[in-house]
Amino acid sequence: MIITVTAVRPLDNYQLELSFSTGETRRFDVRPYLNKGIFSELKDAAYFRSVRLAFGSIAWPHEQDFGPESLYVESVCAPAATREQ
């Protein structure tokens, strides 16, 4: 099964809430990547919030991205409270 991201919502503390083609909603922590090369630009909160869907995954305007499989494997199930907001 090919997993794709169907929705993305930036949260506080450099977290992303992601909906996947599996029907799951998961949370991905971007903090471990913030000091790595091109991802350091994501430290700017306004820029971080500019994340968007791109080709079944996510990306930012200056082409920082993560593959959908990595997002899925490295994310955790989102708490029900955030999914209902």
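Just so you know, all these numbers are worked out from the coordinates, no wet-lab data involved. What you see is a predicted model; the values in this text were computed from it and never measured. Glycine also receives a Cβ, built like all others from the backbone with ideal geometry; neighbour counts cover every protein chain displayed.
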Q. Across the stretch 34-85, what is the total count of residues that are in contact (Cβ under 8 Å) with a residue 24 or more places away in the chain, surrounded by 14 or more Cβ atoms within 10 Å (Cβ to Cβ), part of a helix (DSSP H, G or I) and under 14 Å from the mean Cα position of the chain (by Cα)?
A. 6
Q | Scope the stretch 54-69; condition under 16 Å from Leu34 (Cβ atoms) and of a type outside the set (Asp, Glu); matching residues | A | Ile58, Trp60, His62, Gln64, Phe66
Q | Scope the stretch 16-69; condition in contact with a helix residue (DSSP H, G or I) (Cβ under 8 Å, 6 or more places away or on another chain), farther than 13 Å from Thr4 by Cα and hydroxyl-bearing (Ser, Thr, Tyr); matching residues | A | Tyr33, Tyr47
